Amino acid sequence: MQKNNVFLKFLIVCSMGILTLSCGEKKKEVSENTVEEEPVPHIVFVTGDEEYRSEESMPMLAKLAKRELGAKVTVLYALDSLGFIDPNRTDHIAGLEALKTADLMVMFTRFRNLPENELKFITNYVESGRPIVGFRTSTHAFMYKNDSTVGKIYNEAWPTKIFGQQWITHHGHFDDGKFPVTDISIRPGQEENPILNGFEPFAAYSWLYHVDGGDWKLQGDSNPILMGHSTKSQHEIDGDLDKFPLDNPVAWTKTYTGTSGKTARVFFTTVGHPYDFKIPTVRKIALNGIYWALGKEKRIPEDGVNVSLEEPFEPNNSGFGQKYKQNQKPKPIL
């Protein structure tokens with residue numbers, strides 16, 4: 001009887017050991033096959049331009065980024081005292097503290113003169129070494145006319161070192177919104193660039209910005225990936241093509257190393273007329289650029305990020321004054 005009890009205890013111990021080993025192997029197998037989920041990126045879109053309807057185009061891009069990347073998106077606007085969007089107000093962009101938790105800043109501003117307590121959120125972000133995407137008038141993101149000290153830093157030097165160039169000139173306000181005025185094509189040698197996945201040549205409504213040539217050149221390690229050819233040019237009429245040629249970069253990549261010592265990816269394009277964003281290729285360049293800036297270029301499909309719209313994008317035309325949509329308040333990005 002005693003021998004039987006000993007044998008029974010032996011069998012129980014062995015069974016428990018086998019079960020323990022089996023469970024351990026299953027746990028190990030589960031952990032090895034588990035794919036660690038990527039953290040959700042927070043993308044902050046900073047708008048504030050009184051000409052090109054960034055308050056309309058950037059929310060549309062934010063919605064696409066949320067859908068395709070699963071990103072948390074925040075869109076910031078110039079607001080009046082009642083909380084209505086007013087791109088003509090140059091001294092205030094509401095909610096810039098959101099940049100403290102941003103993984104990417106997308107910037108489309110023009111000649112802003114923000115107070116120091118707002119400006120610092122942008123500059124602190126940039127110096128942190130986190131990635132940046134910029135559109136068109138961000139080459140002249142700020143304009144401090146009444147403060148020569150601040151202006152000396154931010155009016156021209158700041159966009160040049162961050163984005164690669166400052167405001168210089170463009171080829172003329174021809175056919176605003178009526179007809180395209182710039183032919184866009186891939187710069188030779190950039191065909192395999194993932195930002196250009198799904199690219200098709202197109203004609204832009206944006207008049208061509210001058211950023212390189214004559215007395216000017218793109219700064220830092222700027223690498224042009226798209227070229228624009230002006231089909232209507234005031235500089236051609238004036239005989240100034242030696243200074244301002246008909247062909248110029250319209251999109252490039254570069255890096256910027258902030259005071260933190262970290263190096264950020266920067267994607268910039270001078271395309272940005274509101275009607276340009278009706279063109280799927282323009283939306284594709286923008287979203288592909290966002291993926292690249294975040295270091296997610298391997299996730300860009302061969303035909304580019306899906307930029308199909310769930311509702312029509314019908315922005316107001318470019319222009320100054322009261323040409324933006326009136327009585328609009330910020331809406332959540334759904």
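May I ask you to compute the full-extension gain from GLU236 to GLU314, defined as 0.36 nm times their residue separation minus their alpha-carbon distance, rounded to one decimal in nm?
Working: separation 78, 0.36 × 78 = 28.08 nm, distance 3.25 nm.
Fully extending the segment from GLU236 to GLU314 adds 24.8 nm.
Pairs exceeding 25 Å between alpha-carbon atoms, taken from LYS178/LYS323; LYS72/LYS296; LYS120/LYS262; LYS63/LYS217; LYS178/LYS278: LYS63/LYS217. The trypsin sites (Lys or Arg not before Pro) of region 160-245 that meet both conditions, a loop assignment by DSSP and at most 13 other Cβ atoms within 10 Å of the site Cβ, are LYS178, LYS217.
Here the sum of -39500 (n - 2.57) over DSSP H runs of 4 or more residues, divided by the residues of the chain, equals -8500 deg cm²/dmol at 222 nm, to the nearest 500. Accessible surface calculations at 1.4 Å, restricted to protein heavy atoms, place the chain at 50 Å² per residue. Note on LYS120 and ASP221: their simple-model spin labels are 3.1 nm apart, each label 7 Å out from Cα toward Cβ.
A cut-off of 5 Å between modelled amide H atoms, ignoring neighbours fewer than 5 places along the same chain, links PHE45 with THR74, VAL75, LEU76, VAL106.
The slack between SER260 and LYS161, meaning 0.36 nm per residue of separation minus the straight C-alpha distance, is 34.1 nm. Entry note, region 244-317: relative contact order of 25 percent, from Cα contacts under 8 Å with a spacing of 6+ residues. Computed from label points 7 Å out along Cα-Cβ, the spacing between ASP80 and ASP303 is 4.5 nm. Normalised by the number of residues in region 123-223, the average gap of Cα pairs under 8 Å and 6 or more apart makes the relative contact order 26 percent.
Under the combined filter of DSSP loop state and at most 12 neighbouring Cβ atoms within 10 Å, region 285-334 retains these GluC sites (Glu not before Pro): GLU302, GLU310.
Looking at GLY214, TYR154, GLN166, which one has the Cα that reaches farthest to the positive end of the dipole of region 145-228 (charges on Cβ: Lys, Arg +1; Asp, Glu -1)? Checked the options; the winner is TYR154. Rounded, prolate or oblate: pick one for the chain, where a ≥ b ≥ c are the square roots of the eigenvalues of its C-alpha gyration tensor, a/c under 1.5 means rounded, and failing that, prolate if a/b is larger than b/c, else oblate. Judged from the Cα gyration tensor, the chain comes out prolate (a/c at least 1.5, a/b above b/c).
With Cα atoms defining each centre, region 78-93 and region 195-251 are spaced 32 Å apart in the structure. With a cut-off of 12 Å on the backbone N, the residues of region 179-206 near the modelled label site 7 Å out from ASP247 along Cα-Cβ are 185-189.
Computed about its Cα centre, the charge dipole of the chain is approximately 1460 debye, with only Lys, Arg, Asp and Glu carrying charge at their Cβ. Dipole orientation for region 204-288: of the candidates PHE267, PRO224, ALA204, PHE267 has the Cα lying most toward the positive pole (charges on Cβ; Lys, Arg +1; Asp, Glu -1). Compared with the alpha-carbon gap, the fully stretched path from PHE174 to ILE153 is longer by 4.3 nm at 0.36 nm per residue.
Between 0 and 90 degrees, the angle of helix 280-293 with respect to the longest Cα principal axis of the chain falls at about 60 degrees. The distance between label points at ALA203 and MET143 comes to 3.0 nm (points 7 Å beyond Cα on the Cα→Cβ vector).
The values are calculated or read from the model by the stated rules, or taken from the named source; none is laboratory data. This structure is a prediction, so every number in the text was calculated from the model and none was measured. Reconstructed Cβ throughout: ideal geometry from the backbone, glycine too, with neighbour counts over all protein chains shown. In case anyone asks, the SASA skips ligands and DNA or RNA and just uses the protein heavy atoms, side chains included. Shrake-Rupley method; radii C 1.70, N 1.55, O 1.52, S 1.80 Å.
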